[in-house]
Amino acid sequence: MYTYNEFDDAFVRNRVAEFRDQVERRIDGSLTEDEFKPLRLKNGVYLQLHAYMLRVAIPYGTINSRQMRQLALIAERFDKGYGHFTTRQNIQFNWPRLKDIPDILDLLADVGMHAIQTSGNCIRNVTADHFAGAAADEIEDPRPTAELLRQWSTDHPEFQYLPRKFKIAITGAPNDRAVTKAHDIGLRMLRNEAGEPGYEVIVGGGLGRTPMVGKVVRDFLPKADLLPYLEAILQVYNLSGRRDNKYKARIKILVHETGLDEIREKIEAAFVRQKRDFAGVPADLVAQIDEAFAPPLFDNTRSLAYEQALGADPLLRSFAETNVAEHKNPAYGIVSVSLKPVGGTPGDATADQMRVLADLAERYGHDELRISHEQNVILPHVRKADIPAVHAALREAGLATANIGLVSDIIACPGMDYCALATARSIPVAQAISNRFDELKLERDIGPLKIKISGCINACGHHHVGHIGILGLDKAGRENYQITLGGDGTETTTIGERTGPGFDAEDLVPAIEAIVLAYLEQRVDASETFLEAYRRLGAEPFKQAIYDKEKDEARAA
Amino acid sequence: MAREYKPRIVTANDLFEGDAVYFTASHGWSRDHGDAVVAFSQDAADKLLSAANMQQDQVVGPYLAETVMGDDNRPQPLHFREAFRTRGPSNYFHGKQAGA
Ligand code: SF4
């Protein structure tokens, strides 16, 4: 994987030293909060409901065992022994003290990590397919592009004061696991008819208050044109994006208000100018990045150990069904480690669990780990013959929950248990749903179903693209939850539709259960997924299941 | 007739630890909501808030929060958000509820 060169290292160290000084000056009273706040946000430090929170970037979700161990150390020494992995492929520490944060940043810098550009109106951590470099369906590893974008956008003078934050996601596979259509810019790698690599460029996607599916501005952009083209998009946005109203400042609003054709014209015109002045990415840099992401040396020794173990161990078989995905090398598998144990907090891992994951990556996984936007951890390259051993070790660490893609693999943002912006809690909702479906023992029967929960309209929990989405609101001083159905975050991105009036916390889980039972009753057969059934049936039968039921209960009461 | 004024307290986050603190009668800060000094009029609330705002070398972001008086005549949180701030998160026994 990519390792920092001296320039990166010096840059990060200087930033830590600078921030240490700023923290000292805030603590001794020489900086006011008004002066300090933008400085701390630039370094990923938020003030939440109960404590400060430090958000650490994990560029394109890729880390190695050394870095994971360092996160474990930080969790133990400066937090309460755990960390929270987010939908932006970041990790958040929920309990640092202000005076300790510079020390944490130093520890991060020791392993080439930082918290820069995890906040503010700049280009945020570039996210990528968490199966990058491993997936069987991949055209090309998107991470060299993501790394190039990271270097290009880090401290880019022109793009530090954009109208609003700016998020880029990239996938190298036709099956979109990076939600590219819900980002300010989404890039999908593809090849043209001549077989040359390039990108489909999508702009103006986003969730939040005004959810929008991104639109294709360029069907095929040759690889070499990427940076001037993105600069063109950002220039158009920087000049024309609305700065008068925070809620209208994202590029999705600009695209929507201007219209796709006109935006495209403006971008193409800016692109011509940019390209003329663009000297190209230095060849040695390209080579250096490509080398950093060269595939590991795979061990292709033939072995039937995996197949035999599958036959003998039903727990392993059930784990393999959901948590092992097809690798481009047939001797390998991609192992997803669920951070969604029954009744647990989605995305949380203890320091001990982080160390187990680091050990497994080192021993069996070519030293690679990924964080997925679905708040799970991936071992992207595990020899199939080693999967039984990995599974056994995961079981011991309480990490073998076999539920990837199923009803209890819930995305939930921190909500009002931590987040200062929240209008309601999301974690207890996720816990209650997970516990309920565990009691029902229907999870396998239900099949693929994505539930996503946000604790406010900012939609960090991606509720709009959940097959079942849940949005927590404050309704006259009570936590109340709106349900959306039919959302989809893949290459067929769709924004879910609201069912109608929201539910109070105690009525929410029964409503979710009723929706799922209605699906089980009305599906053609077990091969029709929830999303397919919803698309065929529409919202009506599901609405009936939740609202008529309410009336019945009111009558019975 | 003017609408009855809902009593308010001033709360903020501690500058060093980041947790919730409450402005007291002696113009100090307590970690216990019940210790907060209560304003029963808009005027008193404004005065409290400006006094609290003078102490930004100790706290971050003071604001007024509605409160109700408990049987012990100490202020209790009204809104669920404020109630959560007096306790800590619901998924772990961390924060104020753990005595931390
Ligand atoms: S969706 Fe809202 S509550 Fe949840 S993390 Fe984002 S800002 Fe906080």
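Is at least one residue of the stretch A:225-244 in a helix (DSSP H, G or I), farther than 29 Å from A:THR490 by Cβ and of a type in the set (Ser, Thr, Tyr)?
yes
Checking the structure you have, find out if any residue of the stretch A:48-58 is under 23 Å from B:LEU15 (Cβ atoms), among the hydroxyl-bearing types (Ser, Thr, Tyr) and without any contact (Cβ under 8 Å) to a residue 60 or more places away in the chain.
There is at least one residue in the stretch A:48-58 that is under 23 Å from B:LEU15 (Cβ atoms), among the hydroxyl-bearing types (Ser, Thr, Tyr) and without any contact (Cβ under 8 Å) to a residue 60 or more places away in the chain.
Evaluate the stretch A:58-73: report whether one residue or more is within 24 Å of the chain's Cα centre (by Cα), assigned to a strand (DSSP E or B) and surrounded by fewer than 23 Cβ atoms within 10 Å (Cβ to Cβ).
no
Mind listing whichever residues of the stretch A:194-224 are within 24 Å of the chain's Cα centre (by Cα) and outside any strand (DSSP E or B)?
A:GLY204, A:GLY205, A:LEU207, A:GLY208, A:ARG209, A:THR210, A:PRO211, A:VAL213, A:GLY214
Only one residue in A:GLU513, A:GLU528, A:GLU506 is part of a helix (DSSP H, G or I) and in contact with a helix residue (DSSP H, G or I) (Cβ under 9 Å, 6 or more places away or on another chain). Which one?
That would be A:GLU513, the only listed residue that is part of a helix (DSSP H, G or I) and in contact with a helix residue (DSSP H, G or I) (Cβ under 9 Å, 6 or more places away or on another chain).
Has the stretch A:18-27 got any residue that is within 14 Å of chain B (Cβ to nearest Cβ), surrounded by fewer than 16 Cβ atoms within 10 Å (Cβ to Cβ) and without any contact (Cβ under 8 Å) to a residue 60 or more places away in the chain?
Yes, some residue in the stretch A:18-27 is within 14 Å of chain B (Cβ to nearest Cβ), surrounded by fewer than 16 Cβ atoms within 10 Å (Cβ to Cβ) and without any contact (Cβ under 8 Å) to a residue 60 or more places away in the chain.
Select from the stretch A:420-470 the residues that are more than 16 Å from the chain's Cα centre (by Cα) and basic (Lys, Arg) and write down the one among them that is farthest from A:TYR534 (Cα to Cα).
The qualifying residue farthest from A:TYR534 (Cα to Cα) is A:ARG425.
Do we have B:ARG8 as away from chain A (no Cβ under 14 Å), among the basic types (Lys, Arg) and farther than 27 Å from A:THR32 by Cα here?
No, not satisfied.
Among the numbered criteria (1) more than 16 Å from the ligand (Cβ to nearest atom); (2) out of contact with any Lys or Arg (no Cβ under 6 Å at 6 or more places or on another chain); (3) of a type in the set (A, V, I, L, M, F, W, C); (4) closer than 17 Å to A:THR87 by Cα, which single criterion is violated by A:ILE378?
Failed condition: (2).
Looking only at the stretch B:33-43, decide whether some residue is closer than 19 Å to A:HIS50 by Cα and either part of a loop (DSSP other than H, G, I, E, B) or within 13 Å of another protein chain (Cβ to nearest Cβ) (or both).
Within the stretch B:33-43, one or more residues are closer than 19 Å to A:HIS50 by Cα and either part of a loop (DSSP other than H, G, I, E, B) or within 13 Å of another protein chain (Cβ to nearest Cβ) (or both).
Since A:ARG55 meets every condition but one in (1) at positive phi; (2) part of a strand (DSSP E or B), which condition does it not meet?
Against the list (1) at positive phi; (2) part of a strand (DSSP E or B), A:ARG55 comes up short only on (1).
Which of (1) touching a residue at least 60 places away in the same chain (Cβ under 8 Å); (2) part of a helix (DSSP H, G or I) is the odd one out, the single condition A:LEU360 does not satisfy?
(1) is the only condition that A:LEU360 fails.
Restrict the check to the stretch A:315-322 and report whether at least one residue is touching a strand residue (DSSP E or B) at 6+ places or on another chain (Cβ under 7 Å) and either surrounded by 20 or more Cβ atoms within 10 Å (Cβ to Cβ) or not assigned by TED's automatic domain parsing to the domain that holds A:PHE85 (or both).
no
Filter the stretch A:418-463 down to residues that are more than 16 Å from the ligand (Cβ to nearest atom) and in contact with a His (Cβ under 6 Å, 6 or more places away or on another chain) and give me whichever is farthest from the other protein chains (Cβ to nearest Cβ).
Among them, the one singled out is A:LEU449.
Is it true that B:ALA65 is outside any loop (DSSP other than H, G, I, E, B), within 27 Å of A:ASP79 (Cα to Cα) and more than 9 Å from chain A (Cβ to nearest Cβ)?
It is false that B:ALA65 is outside any loop (DSSP other than H, G, I, E, B), within 27 Å of A:ASP79 (Cα to Cα) and more than 9 Å from chain A (Cβ to nearest Cβ).
Look at the stretch A:403-417 and say how many of its residues are over 17 Å from the mean Cα position of the chain (by Cα) and either within 14 Å of chain B (Cβ to nearest Cβ) or within 14 Å of the ligand (Cβ to nearest atom) (or both).
Total meeting the criteria: 2.
A:HIS467 fails exactly one of the following numbered conditions: (1) crowded, with 24+ Cβ neighbours inside 10 Å; (2) over 30 Å from B:GLU82 (Cβ atoms); (3) within 16 Å of the ligand (Cβ to nearest atom). What is the number of that condition?
(3)
Quickly run through the stretch A:270-286 and pick out the residues that are more than 21 Å from A:PRO163 (Cα to Cα) and more than 30 Å from the chain's Cα centre (by Cα).
Answer for the stretch A:270-286, where residues must be more than 21 Å from A:PRO163 (Cα to Cα) and more than 30 Å from the chain's Cα centre (by Cα): A:VAL272, A:ARG273, A:LYS275, A:ARG276, A:ASP277, A:PHE278, A:ALA279, A:GLY280, A:PRO282, A:ALA283, A:ASP284.
The values are calculated or read from the model by the stated rules, or taken from the named source; none is laboratory data. Please read all numbers here as calculations on a predicted model, not as lab measurements. Counting neighbours? That spans all protein chains shown, and the Cβs are built from the backbone with ideal geometry, glycine included.
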